[in-house]
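Working notes, structure below.
The values are calculated or read from the model by the stated rules, or taken from the named source; none is laboratory data. It should be emphasised that the depicted structure is a prediction, and the values quoted were computed from it without experimental measurement. Here the Cβ positions follow ideal geometry from the backbone for every residue, glycine too, while neighbour counts run over all protein chains shown. For accessibility, only protein heavy atoms count, side chains too; no ligands or nucleic acids. Shrake-Rupley method; radii C 1.70, N 1.55, O 1.52, S 1.80 Å.
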Amino acid sequence: MCIRDRQYPGQRVQVDMKVVPLKCLANPEERLYQYTAIDEYTRLSYLGAYPEQSAYSSADFLEKMVTWFKRRGVRDGIEFTNHFSTNKKDRLTRIELAAARLGIRHKLICPYTPHHNGKVERSHREDQKRFYNTHRFFSFADFGVQFAAHQNRSNDLPMRPLGWLSPKEKLAAFFDSLTAVSYTHLRAHETGRN
């Protein structure tokens with residue numbers, strides 16, 4: 001199945017992590033990280049702000065991401081591994097354990113092949129242009145507040161691959177189509193035309 005052939009929200013979600021550019025940080029000693037998850041069908045994105053890059057942060061992001069998508073009606077589907085380690089190859093990481101517990105199939109892409117994760121890579125470039133190039137953060141809390149507003153704005157922007165719908169509108173249109181199909185099926189059943 002080609003990526004463009006996704007048939008419903010949550011069928012596949014791309015996840016990646018980005019280091020917040022140092023020029024955005026008021027404190028040169030601080031490091032901040034952006035975790036991104038993008039639903040391939042709707043391009044709806046969930047962003048997470050973290051003060052560290054760790055297995056704990058990755059697993060925490062995964063759990064919050066699943067909850068966030070579920071609240072929006074996205075129920076199915078969803079980078080980090082010991083696969084390339086020489087001595088821990090058979091041990092699961094915290095994110096792999098969290099994915100298994102949540103019933104998510106964790107699929108690795110080949111290292112250094114960003115075209116396999118193109119939607120989230122594109123999102124990171126857009127985040128750089130629309131957010132990081134114009135913002136500065138004075139603390140982790142400040143980053144979190146500005147980041148949440150950026151996520152909300154991003155999910156409201158129309159996108160050409162979605163027929164100029166925003167990700168939020170694409171998701172709403174999907175659920176509207178389900179309602180219309182269910183209503184049509186129900187009416188046909190009630191009138192004996194099934």
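I need the full set of residues from the range 149-176 which are in a helix (DSSP H, G or I) and open to solvent by less than 60 Å² (accessible area, probe 1.4 Å), in order please.
ALA149, HIS150, GLN151, SER154, LEU162, PRO167, LYS170, LEU171, ALA172, ALA173, PHE174 - these are the residues of the range 149-176 that are in a helix (DSSP H, G or I) and open to solvent by less than 60 Å² (accessible area, probe 1.4 Å).
Take the range 129-139 and flag every residue that is outside any loop (DSSP other than H, G, I, E, B) and surrounded by fewer than 18 Cβ atoms within 10 Å (Cβ to Cβ).
Of everything in the range 129-139, those that are outside any loop (DSSP other than H, G, I, E, B) and surrounded by fewer than 18 Cβ atoms within 10 Å (Cβ to Cβ) turn out to be LYS129, ARG130.
Exactly one condition in (1) in a helix (DSSP H, G or I); (2) modelled with pLDDT of 65 or more; (3) not small (Gly, Ala, Ser) is false for ARG187; which is it?
Condition (2) is where ARG187 drops out.
Would it be correct to say that SER85 is open to solvent by less than 20 Å² (accessible area, probe 1.4 Å), out of contact with any Asp or Glu (no Cβ under 8 Å at 6 or more places or on another chain) and at pLDDT below 95? Walk me through how you get there before you give the answer.
Numbers: open to solvent by less than 20 Å² (accessible area, probe 1.4 Å): no; out of contact with any Asp or Glu (no Cβ under 8 Å at 6 or more places or on another chain): yes; at pLDDT below 95: yes.
Spelling it out, it is not the case that SER85 is open to solvent by less than 20 Å² (accessible area, probe 1.4 Å), out of contact with any Asp or Glu (no Cβ under 8 Å at 6 or more places or on another chain) and at pLDDT below 95.
If GLU40 passes every condition in (1) modelled with pLDDT of 90 or more; (2) surrounded by 15 or more Cβ atoms within 10 Å (Cβ to Cβ) but one, which one does it miss?
Evaluating GLU40 over (1) modelled with pLDDT of 90 or more; (2) surrounded by 15 or more Cβ atoms within 10 Å (Cβ to Cβ) leaves (1) as the failure.
Taking the options LYS18, LYS23, LYS70, name whichever one is among the basic types (Lys, Arg), closer than 21 Å to ASN155 by Cβ and modelled with pLDDT of 90 or more.
LYS18
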